[in-house]
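This report refers to the structure that appears directly beneath it.
Computed from the coordinates by the stated procedures, all read-outs in this text should not be read as laboratory data. In this text the structure is predicted, and so the values were computed from the model without any measurement. Here the Cβ positions follow ideal geometry from the backbone for every residue, glycine too, while neighbour counts run over all protein chains shown.
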Amino acid sequence: MNRAANFLGWLGRGFLGMTGRLGDAASLSASSLGLVAAPPWQGRHIVIQIFNIGVGSVAIIALTGAFTGMVLALQGYYTLSKFGSESLLGAGVALSIIRELGPVLGAMMLTARAGSAITAEIGIMRVTEQVDALEMMAVNPRARIIMPRIIAATLSLPLLVAMFDLIGIGAGYLVGVDLLGVNPGAFIAEMQAKVTSHDINTGWIKGVGFGFLVGVICTYIGYRATPTTEGVGRATTQAVVLSSVGVLVLDYILTSFFL
Amino acid sequence: MKAPLVSKPGAASVSSMIRCANLCKKYGDVAALDGVNLHVRKGQTTVIMGGSGSGKTTLLRLIAGLEKPTSGEIEFAGEDFVHIPRKRLYELREMMGMVFQYSALLNSLNVYDNVAFPLHEHTDLDEDVIRTIVTMKLEQVGLRGMERLMPSELSGGMAKRVALARAIAMDPAIVFYDEPTSGLDPISAGVITTLIHDLSTKSHRTSVVVTHDVQAGLSIADHVVLLWQGRVIAEGGPEDIRHSEDERVRQFIEGRPDGPIPFSRSTTSYLDDLLSHPGTVRMRP
């Protein structure tokens, strides 16, 4: 009886803590994003963050995209050749990448490369009192630190995903056509016939959603990190784990919504 | 119409800059401050002293507006500072400077850009004018010529001096110092103490210094406030504190490890604690 009560208590406390943090994250992000139109205009800082978060992730996204496309072509060819439908390879590769793998893997790579850096950077700014220093110099840290990073992640990811898709399909073409001998006309024609604008919309909407989610999670956890070296380390791990899981959960929700 | 900022402190003025009444701050169940009254006079150097955990940094953060009190009142230049709207708080902040314990330089910017930061943010001055101001401020702290160094290339003492130059870049009416000499070698600490003294007296600037460095604190203070366990236990001019007969004050300024402020923070009996773990401590027959 006592054990059950303890367990329920533990569960309740955990739930309350979680909802509290969710509410805190929502209010911090909303109040930060609300400052986008408030003077002084932070355009320069948004551009700097797009460079850090977006441009900085180009190489890793290109590499991931290329290998994803190549593996998909290999696996797809293996499966399709069992049914004698190798000509569908182009459509298979393109649909998998555009609808699913581009946004999800792109978001994972953004989390690993830029998200962890966002959390660590903001956490260290807390430890070294730089956030308080901005506050004392009458510069709102939400407008200067949080808002530009959320906007930059939201704008960057759909563009990175588009690049991932192009490179992935190109790499799939190289493996499928040049290596495995699929007919190039069939590869392109099937892709054009099967991929609709709805698929492409699904892809970029996921990109926007995942970018926003990664931005919100990584800035929030960094901003609320315990201001110690240990706290920042823990926050960085937590940000990467929560962003990755969050992207997968949101992916399911968006996919079921758009199917 | 922008509300006027308070006037820059005049030479002979000793009117009030900050007034706190019955200030309490709790973190969870722990009271960091418990009914503190404080009066910071315009143009004077007020030194808040106390041991670690006495609540002095919390007090500084409250009067700088970085945190809100659990209860009590803070008045800054005649305005209610507890319920102040953020916009007005930021207007008032343009006349405040703060030197943080770990300097808090923005580590993506070099020395020049750090000192120029408040000027870039809040003024429309030409870069030439800003350059002149930065040069003057760096000359004041003895670091002219170091403009291009990054914060990571500075020693602790130099970083503190840059932080000082940044804090006075906007010619603030009041400067807050959080442990300005902690972690510095004696020479650097002496330099910083002298700079604080000069910056306060020469321009009749109001200063609030939080420190546990007794000699440095008493040497620059016009008014000393001694905190212990979140309460003010003594207050007055540096001479009053030096000659205080309060045993707690004597213990603090003489640096004695034990006295009315006990060495041990334990609340339970040592013997009981040892005997309550029979597996780890055995009494020999």
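In percent, rounded to a whole number, the relative contact order of region A:44-258 is 36, using alpha-carbon pairs under 8 Å and six or more apart. Converting phi to 3J(HN,Hα) with the Karplus coefficients 6.51, -1.76 and 1.60 and the offset θ = phi - 60°, region B:214-221 yields 4, 5, 4, x, 5, 6, 10, 7 Hz in sequence order, with x at every glycine or proline. Applying the Karplus relation 6.51 cos²θ - 1.76 cosθ + 1.60 with θ = phi - 60° to region B:68-79 yields 3J(HN,Hα) values of 9, x, 5, 7, x, 10, 10, 10, 10, 6, x, 10 Hz, where x marks Gly and Pro. Can you tell which of A:Pro227, A:Gly69, A:Thr154 lies farthest toward the positive end of the dipole of region A:44-258, using +1 and -1 charges on the Cβ of basic and acidic side chains (Lys, Arg; Asp, Glu)? My answer, from the dipole projection, is A:Pro227.
Working ranking of peptides A:200-211, B:95-106 by packing, defined as the average number of other Cβ atoms within 10 Å per residue, highest first, is B:95-106, A:200-211.
Going from the fewest other Cβ atoms within 10 Å to the most, the residues A:Phe187, A:Phe257 appear in the order A:Phe257, A:Phe187. Which percent, to the nearest 5, of DSSP beta bridges fully inside chain B are antiparallel? Here the share of antiparallel DSSP bridges comes out near 55 percent. With a Cα cut-off of under 13 Å and a minimum spacing of 8 residues unless on different chains, the lysine pairs in the protein assembly as shown number 5.
For B:Val129 and B:Arg248 in one chain, what is 0.36 nm times their gap in residues minus the Cα-Cα distance, to one decimal in nm?
On the way: separation 119, 0.36 × 119 = 42.84 nm, distance 5.10 nm.
Stretched out fully, the B:Val129 to B:Arg248 stretch lengthens by 37.7 nm.
For region A:203-217, putting each phi into the Karplus relation 6.51 cos²θ - 1.76 cosθ + 1.60 with θ = phi - 60° gives couplings of x, 6, 5, 4, x, 4, x, 5, x, 4, 4, 4, x, 5, 5 Hz, in residue order, rounded to whole numbers and with x for Gly and Pro. From the Cα gyration tensor of region B:42-101, with a ≥ b ≥ c the square roots of its eigenvalues, which class applies: rounded if a/c is under 1.5, or else prolate if a/b is larger than b/c, or else oblate? It is prolate, given that a/c is not under 1.5 and a/b is the larger ratio. Computed packing ranks the peptides A:168-179, B:81-92, B:30-41 as A:168-179, B:30-41, B:81-92, most packed first, by mean other Cβ atoms within 10 Å.
Between the DSSP loop rule and a limit of at most 14 other Cβ atoms within 10 Å, which GluC sites (Glu not before Pro) in region B:182-283 are left? Numbers along the way, then the final one.
Values: sites: B:Glu235, B:Glu239, B:Glu245, B:Glu247, B:Glu254; in loops: B:Glu245.
Passing both the DSSP loop test and the Cβ count: B:Glu245.
Cα centroids of region A:1-71 and region A:97-152: how far apart, whole angstrom? Between the Cα centre of region A:1-71 and that of region A:97-152, the gap is 8 Å.
Relative to the first principal axis of the alpha-carbon coordinates of chain A, what is the inclination of helix A:147-173, with its axis defined by its Cα atoms, in degrees from 0 to 90 and to the nearest 10? For A:147-173 against chain A, the angle is about 20 degrees. When both bridge partners sit in the protein assembly as shown, DSSP labels roughly 55% of those beta bridges antiparallel. Shape class for region B:159-262: prolate, because the ratio a/c of the largest to smallest gyration tensor axis (alpha-carbon atoms, square roots of eigenvalues) is 1.5 or more and a/b beats b/c. In this structure the amide hydrogen of B:Met170, modeled in the peptide plane, comes within under 5 Å of no amide hydrogen from residues 5 or more places off or on another chain.
At most 14 other Cβ atoms within 10 Å and a DSSP loop assignment: could you name the chymotrypsin sites (Phe, Trp or Tyr not before Pro) in region B:211-266 that fit? Mind dumping the intermediate values first?
Numbers: sites: B:Trp228, B:Phe252, B:Phe263; in loops: B:Phe263.
In loop regions of region B:211-266 (DSSP not H, G, I, E or B), the sparsely surrounded chymotrypsin sites (Phe, Trp or Tyr not before Pro) are B:Phe263.
The trypsin sites (Lys or Arg not before Pro) found in region B:138-167 that occupy coil by DSSP, while having at most 10 further C-beta atoms within 10 Å, are B:Arg148. Inter-label distance, A:Ile188 to B:Val30: 7.0 nm, where each label sits 7 Å from its Cα along the C-beta direction.
Remark: the Cα gyration tensor places region A:44-258 in the prolate category, a/c being 1.5 or greater and a/b exceeding b/c.
Over all residues in B:100-109, what is the mean tally of Cβ atoms on other chains that come within 10 Å of each residue's Cβ? Before the final figure, lay out the partial values.
Values: counts 6, 2, 5, 4, 10, 4, 6, 5, 4, 0.
Average neighbour count from other chains, rounded to a whole number: 5.
For the residues of A:135-145, the average number of beta carbons from a partner chain within 10 Å of their own beta carbon is 5.
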